[in-house]
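Novice: Quick one: the structure is below, questions incoming.
Rule-based calculations on the coordinates, nothing more; no lab input. For clarity, every value in this text was computed on a predicted model and none was experimentally measured. Note that we place each Cβ from the backbone using ideal geometry, even for glycine, and neighbour counts take in every protein chain shown.
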Amino acid sequence: MSLPFAFIHNATRMELENAAAAVCMFSREDVERGLIGQAVDRLMQMSDDDDLSRRMEGAVFLVFEGFDAEPRELYHIESCVRFFRAVTQEWPYWFHFLERERGSLSVAMRMLVDVAHVPDEDGVARAQIVAERLDAVLLQMFEAMSGLQERLDLDDTHTLQSTEAVLKALELA
């Protein structure tokens, strides 16, 4: 029986194998204390398993637990940004794993680059990525995705399609 989703932090391999999607949840306590070890370990268990890596491509949702009442966006909360960047230094495979339709990839990208609020012609402030970090972050993330997909024996066509899907999700294509 297929599960709709499994939580990476407490799912067994079999539960992840049978899930349609997975949720990567970071607790507020871990985020505020900067405790990345368990998160990185859980993520590495998934990326080190070739079958799970293939199965969970584009199927992982990103959740920061305990920040629901926070009026700021996650990418404007310094502890979230610092935590996510530290996790990413150790485990840079977000472009392969994160879902691309419901915003997880966009939130992740905004936490990896700097974001400013810029008013549009109506005076409404819109989030805008600051270009200085964009190229370096894109290069790091695409290299990690490409390396993982090469290890998984996915062909160049697959990697190109994944790249196009990520760029489309990030509204860069």
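Novice: Please give the calculated 222 nm ellipticity per residue for the chain, where each DSSP H segment of at least 4 residues contributes -39500 (n - 2.57) and the sum is spread over every residue; nearest 500 deg cm²/dmol?
Specialist: Dividing the helical sum by the residues of the chain leaves -15500 deg cm²/dmol.
Novice: Report ³J(HN,Hα) in whole Hz for each residue of the stretch 53-63, in order, from the Karplus equation J = 6.51 cos²θ - 1.76 cosθ + 1.60 where θ = phi - 60°; Gly and Pro get x.
Specialist: 4, 5, 5, 9, 4, x, 10, 10, 9, 9, 9
Novice: Ignoring solvent entirely, what values of log10 I(q)/I(0) come out of the Debye formula for the stretch 3-169 at 0.12, 0.13 Å⁻¹ when each Cα is a single scatterer?
Specialist: With no solvent term, the Cα-only Debye profile gives -0.54, -0.64.
Novice: How tilted is helix 156-169 with respect to the longest principal axis of the chain? Cα atoms for both, answer in degrees (0 to 90, nearest 10).
Specialist: Approximately 30 degrees, to the nearest 10.
Novice: So for the chain, averaging the separation of alpha carbon pairs under 8 Å that are six or more residues apart and normalising by length, what relative contact order in percent results?
Specialist: 18 percent
Novice: ASN10 versus ALA59, label points 7 Å from Cα toward the beta carbon: distance in nm?
Specialist: Using points 7 Å along Cα→Cβ, the separation is 2.2 nm.
Novice: Something else about it: Helix 131-151 against the longest principal axis of the chain: what's the angle in degrees, Cα atoms only, rounded to the nearest 10?
Specialist: 0 degrees
Novice: In terms of modelled amide H atoms, which long-range or inter-chain residues lie less than 5 Å from the amide H of GLU73?
Specialist: It is none; the list stays empty.
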